[in-house]
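**Q** Sharing a structure below in structure tokens format, with a few things to ask.
Just so you know, all these numbers are worked out from the coordinates, no wet-lab data involved. All of these numbers come straight from a predicted model, not from anything done at the bench. Cβ sites come from the backbone with ideal geometry, for glycine too, and all protein chains shown count toward neighbours.
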């Protein structure tokens with residue numbers, strides 16, 4: 001097994017320290033940065049996402065794998081910047097105003113980062129203005145809205161309307177997710193996609209950006 | 001009143017109460033507001049909901065303290081008022097229930113994830129539950145309900161906290177499961193047999209499930225609990241998965257439907273039958289009627 005395979009495997013097992021060490025080792029062995037990212041970190045997270053989707057592993061395992069991924073990313077980030085390797089896309093995410101539930105939103109962030117996207121996480125209780133401001137400032141292609149509570153779901157429509165008013169609707173696509181949501185609801189409020197979980201969010205974002 | 005442990009041994013099921021959060025929302029609790037803050041500002045509303053459940057025939061009424069750990073209250077900057085928030089909630093239920101219902105101190109998740117997958121050390125979570133439960137016990141709850149748990153470690157810490165600060169209080173402990181292609185699991189990956197083993201080992205007196213995906217899934221969860229648990233069971237289902245009609249959420253399962261399915265729970269020997277999100281005093285009244293009509 002080469003360093004990259006070992007790296008992908010220890011990421012799956014959530015071994016943050018080992019992933020950091022193996023990433024550094026791969027760099028020192030002269031493996032190019034993009035390969036370490038794609039075949040090490042992203043490949044590892046893809047297996048994690050797949051197992052999670054099939055309920056073979058659960059949230060704690062995903063969170064541990066994410067921590068491991070971050071410790072590898074910390075090593076790679078300065079190199080990616082220096083070599084001018086772009087991320088495959090920029091996504092602004094957050095839980096809508098009035099809602100403090102962030103597990104689903106965090107999972108979406110983990111899966112998107114794990115797939116190679118740059119994720120700007122605005123946190124919980126995010127106002128419509130903050131979503132749209134951040135998307136404009138960062139030039140994000142996607143805004144991801146999360147809401148667990150049925151009482152906070154209506155805020156999503158306000159974000160969509162504000163994106164229209166600021167003329168970013170369309171060039172920036174809006175995806176939504178949350179326990180009580182549906183594709184019908186996304187359609188009704190004018191969101192571009194409904195994502196039923198974090199893994200699906202990656203598929204939807206790639207579809208909207210014409211990547212698959 | 002018959003001491004709660006004695007009532008647990010009687011053959012007739014005990015009727016629990018229904019939802020609190022959704023009832024408070026109908027009475028003006030806004031999205032994103034701290035439900036427990038009403039214990040400080042609008043105790044009349046909290047008391048009103050408790051009274052409605054007592055009138056509907058609930059024998060157990062829960063306190064408005066689901067998010068009453070200092071860790072959870074800190075999300076609203078209210079951690080310094082933990083004592084007061086919990087104490088006033090107990091007083092409100094007592095005023096509504098008198099000697100007609102047992103007061104159950106509600107303890108929900110602390111809102112933080114434990115190390116190593118999260119950032120919060122076990123001691124911090126344990127301390128938070130100790131603080132809340134001490135306040136509930138001092139004000140005289142009859143039992144505790146540690147509920148909507150998805151992480152077995154957190155549930156066990158809460159039970160251990162109860163054992164350490166209020167060793168004589170009976171403890172109901174419930175977790176929330178979702179159906180998957182591989183059976184029922186909590187989002188943290190706890191199966192029903194694991195929940196039974198862990199909650200029992202930690203020292204719960206009654207184990208079971210609350211919230212979830214509606215009464216039909218809950219009957220299947222209860223059947224799985226039956227296979228593994230030796231302790232009495234508690235089941236408090238929500239009224240189905242909410243659907244948005246216009247901009248308001250409605251729960252699809254009506255009182256008659258829930259009562260009819262709850263009959264299966266009673267036949268299985270489930271000891272405490274109540275409701276969770278979306279259930280109302282009408283749901284509890286229907287369950288009461290069903291229980292009263294059970295063959296003696």
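**Q** What do the square roots of 5 times the Cα gyration tensor eigenvalues come to for the range B:1-133, in whole Å, largest first, as semi-axes of the equivalent ellipsoid?
**A** Equivalent ellipsoid semi-axes, largest first: 27, 19, 13 Å.
**Q** Oh, and also: Would you calculate, for chain A, the mean residue ellipticity at 222 nm contributed by helices, counting each DSSP H stretch of 4 or more residues as -39,500 (n - 2.57) and dividing by all residues, to the nearest 500?
**A** Only helices count here, giving -16000 deg cm²/dmol.
**Q** Tally the DSSP beta bridges in the range B:94-184 and give the antiparallel ones as a percent, rounded to 5.
**A** 20 percent
**Q** For chain A, set up a GNM with springs between Cα atoms under 10 Å and report which of A:95, A:23, A:150 has the largest fluctuation.
**A** A:150
**Q** Now for a different question. With springs only between Cα atoms under 10 Å apart, run a GNM on chain B and tell me which of B:167, B:31, B:121 wobbles the most.
**A** Of B:167, B:31, B:121, the Gaussian network model singles out B:31 as fluctuating most.
**Q** Also: Using 1/(1 + (r/R0)^6) with R0 = 22 angstrom and r between the beta carbons of residue B:260 and residue B:296, what's the FRET efficiency to the nearest 0.05? Each step should come with its number before you reach the end.
**A** Values: r = 20 Å, r/R0 = 0.91.
The calculated FRET efficiency here is 0.65.
**Q** What would the Debye equation give as log₁₀ I(q)/I(0) for the range B:54-120 at q = 0.19 Å⁻¹, counting only Cα atoms as equal point scatterers?
**A** Debye output, listed in q order: -0.74.
**Q** Express as a percent, rounded to the nearest 5, the fraction of DSSP beta bridges in chain B (both residues included) that run antiparallel. Could you put the intermediate results ahead of the total?
**A** Numbers: 7 of 34 bridges.
The answer is about 20 percent antiparallel.
**Q** Quick one: of the DSSP bridges fully inside the protein assembly as shown, what percent are antiparallel, nearest 5?
**A** In the protein assembly as shown, approximately 15 percent of DSSP beta bridges are antiparallel ones.
**Q** With a cut-off of 8 Å between alpha carbons and a minimum separation of six or more residues, what is the relative contact order of the range A:35-123 in percent?
**A** Relative CO of the range A:35-123 lands at 34 percent.
**Q** What is the order of A:152, A:87, fewest Cβ neighbours within 10 Å to most?
**A** Ordered by Cβ neighbours within 10 Å, fewest first: A:87, A:152.
**Q** While we're looking at this one, here's another question. GNM on chain B, C-alpha springs below 10 Å: top fluctuator among B:140, B:98, B:57?
**A** Residue with maximal mean-square fluctuation among B:140, B:98, B:57: B:98.
**Q** Continuing with this model, one more query. In angstroms, what radius of gyration and Dmax does the protein assembly as shown have, counting Cα atoms only?
**A** Here Rg and the maximum Cα pair distance are 24.0, 79 Å.
**Q** Say R0 is 41 Å: what FRET efficiency, to the nearest 0.05, do residue B:41 and residue A:206 get from their beta-carbon distance?
**A** For R0 = 41 Å, the calculated efficiency reads 0.30.
**Q** Using the alpha-carbon centroid of each, what span in Å lies between the range A:118-135 and the range B:154-216?
**A** Cα centroid to Cα centroid, the span is 35 Å.
**Q** Size of the range A:54-149 along its principal axes in angstrom, Cα-based, largest extent first?
**A** 39, 38, 19
**Q** Using 0.36 nm times the number of residues separating residue B:282 and residue B:48, minus their current alpha carbon distance, what extension gain do you get?
**A** Difference between extended and current length: 82.8 nm.
**Q** In which sequence would B:290, B:149 go, from the one with the fewest C-beta neighbours within 10 Å to the one with the most?
**A** Going from sparsest to densest Cβ surroundings: B:290, B:149.
**Q** Using Cα pairs closer than 8 Å and at least 6 residues apart in sequence, work out the relative contact order for chain A, in percent.
**A** Relative contact order here is 18 percent.
**Q** Here is a follow-up. Going by how many other beta carbons lie within 10 Å of each one, how would you line up B:226, B:188, A:153, fewest first?
**A** Values: B:226 15, B:188 23, A:153 26.
Listed from fewest to most nearby Cβ atoms, that is B:226, B:188, A:153.
**Q** Normalised by the empirical 2.2 N^0.38 Å for globular proteins, what value does the Cα Rg of the range A:103-154 take?
**A** Working: Rg = 11.4 Å, N = 52, 2.2 N^0.38 = 9.9 Å.
The reported ratio for this selection is 1.16.
**Q** Want the number for residue B:119 to residue B:268: 0.36 nm per residue separation, take away the alpha-carbon distance, what's left? Display every interim value, and only then the final one.
**A** Numbers: separation 149, 0.36 × 149 = 53.64 nm, distance 4.05 nm.
My answer for the length gained is 49.6 nm.
**Q** Across the Cα atoms of chain B, what radius of gyration and what greatest pairwise Cα-Cα distance (Dmax) are found, in Å?
**A** Looking at chain B, its Cα Rg and Dmax stand at 17.5, 52 Å.
**Q** Let me make sure I get this right: for the range A:1-113, a, b and c are the square roots of the gyration tensor eigenvalues over alpha carbons, sorted descending. Under 1.5 in a/c it's rounded, otherwise prolate if a/b > b/c, else oblate. Which is it?
**A** Oblate.
**Q** Turning to a different aspect of this structure: Once you have all Cα-Cα distances for chain A, histogram them in 5 Å bins from zero and send the whole-percent values.
**A** It works out to 1, 8, 16, 19, 18, 14, 11, 7, 4, 1, 0, in whole percents.
**Q** Please state the relative contact order of chain B as a whole percent: Cα pairs under 8 Å, 6+ residues apart?
**A** 19 percent
**Q** What FRET efficiency, computed as 1/(1 + (r/R0)^6) with R0 = 35 Å and r the Cβ-Cβ distance, is obtained for residue A:53 and residue B:80, rounded to the nearest 0.05?
**A** Efficiency at R0 = 35 Å is approximately 0.25.
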